[in-house]
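A quick write-up on the structure given underneath.
Nothing in this text is a laboratory measurement; each read-out follows from the coordinates by a stated rule. Owing to the predicted nature of the structure, the values given are computational and were not obtained by experimental measurement. For neighbour counting, all protein chains shown are included, and Cβ atoms are generated from backbone atoms with ideal geometry for every residue, glycine included.
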Amino acid sequence: MSRSGYFITFEGIEGAGKSTQAEKLVQHLRQEGYPVEFVREPGGTNVGEAIRNVLADPSFTEITPLTEVLLLSASRSQLVEQYIRPQLGEGKIVICDRFTDSTMAYQGYGSGVHFTQIREVTDMCTWGVRPDLTILLDIDPERGLGRVRTRSVETLTRMDRLENMDMGYHERVREGYLEIASEEPFRFRVLDGTVPSEDLSRKITSLVMREISRVLPHPGTRLTFDRTSLE
C-alpha cells in the first residue's frame with residue numbers, strides 16, 4: 001500500500017501527559033486545516049476497546065507478560081487495518097496515543113518478554129506501518145505516578161492494573177523508552193514532561209509543524225505551475 005499521509009505517535013510512562021499533549025496537537029492541526037485522525041492504543045476500535053478494558057482491569061492479576069503482548073498486538077492489528085493504514089493512504093495525518101514502542105518498553109523492558117518475540121508479533125500486526133515521528137515525554141516515575149494518584153482522587157476513578165505496578169517496574173519502563181529513543185534519534189523527539197502544559201504544547205506544535213512542512217503542503221497553499229514549461 002502506498003502512503004501519502006504522516007504518522008505521529010506519542011509515548012511516555014504513566015503520568016507523563018502524553019494524552020493531553022496529543023489532544024492539544026490534534027486541535028491545533030485541525031485549526032490549521034489539516035485532515036487529522038486521532039486514535040489510541042490499546043483501543044481505537046470496538047475490538048480494541050474491549051481488549052483495553054481487560055488489560056486495565058486490576059482484578060486480572062494472573063495475566064502473564066506474553067499474554068499482554070498478544071492482547072496488545074490483537075488490538076493493534078485491528079487498529080492498523082481498520083483505521084491507520086486507510087487514513088494514511090488518504091493522505092491524512094494520523095496521531096496515535098501509544099504504539100509499538102509502548103509494548104517494547106512495558107512488556108519488553110518492564111516485564112522481560114524477549115525482544116525478538118515482541119518484534120515478530122509486532123511485524124505481523126502492523127503491515128509495515130511505522131511512525132514518521134515519535135514524541136516521547138520523559139518524566140521521573142515517582143512524579144508521574146504522583147500525577148496519576150492525584151487524578152484518580154480528583155476524578156473518583158481507580159488506578160488501572162499497570163498504574164498499580166511497583167516503582168521498579170515503572171523505572172525499567174522509563175529506562176527502556178530512553179534506550180529505544182537513543183537507537184532511533186531521527187524518529188524520536190524526547191521532551192521534558194515536567195514542563196508546564198501550555199509551554200510544552202507550544203514546543204510540540206512548533207516541532208511538528210516544522211517536520212510536516214517538509215513532507216506535506218499546508219492546506220492553505222495553492223499549487224501553481226509555470227505555463228512556459230508547457231510551451
Peptide ranges 96-105, 37-46, 124-133 listed from the most packed, as the mean C-beta count within 10 angstrom indicates: 96-105, 37-46, 124-133
Whole-number Å³ per residue for the convex hull built on Cα positions in the range 6-67: 116 Å³
Under Karplus coefficients 6.51, -1.76 and 1.60, residue-wise ³J(HN,Hα) of the range 159-165 in Hz, glycine/proline x: 6, 7, 4, 6, 5, 8, 5
Stretch gain in nm, segment Val47-His114, where the contour uses 0.36 nm per residue and the Cα spacing is subtracted: 21.5 nm
The chain, helix-only ellipticity at 222 nm - DSSP H runs n ≥ 4, -39,500 (n - 2.57), divided by all residues, nearest 500: -14500 deg cm²/dmol
Quotient of C-alpha Rg and 2.2 N^0.38 Å, computed over the range 43-99: 1.26
Karplus-derived HN-Hα couplings along the range 213-218 (A = 6.51, B = -1.76, C = 1.60, θ = phi - 60°), whole Hz, x at Gly and Pro: 5, 7, 10, 10, x, 5
Percentage relative contact order, the chain, counting C-alpha pairs under 8 Å, at least six apart: 31 percent
Cα-based convex hull volume of the range 99-231 per residue, rounded to whole Å³: 178 Å³
Space enclosed by the convex hull of the alpha-carbon atoms of the range 63-164, per residue, Å³: 130 Å³
For the chain, diffusion coefficient by Stokes-Einstein and Kirkwood Rh (Cα), 37 °C, 0.692 mPa s, µm²/s: 176 µm²/s
Gln31 paired with Ala56, simple spin-label distance in nm, labels 7 Å along Cα-to-beta-carbon: 2.7 nm
Equivalent ellipsoid, the range 128-204 (semi-axes from 5 times Cα gyration tensor eigenvalues, Å): 25, 17, 12
Cα-Cα P(r), the range 2-136, percent of pairs per 5 Å interval: 2, 10, 20, 23, 22, 13, 6, 3, 1, 0
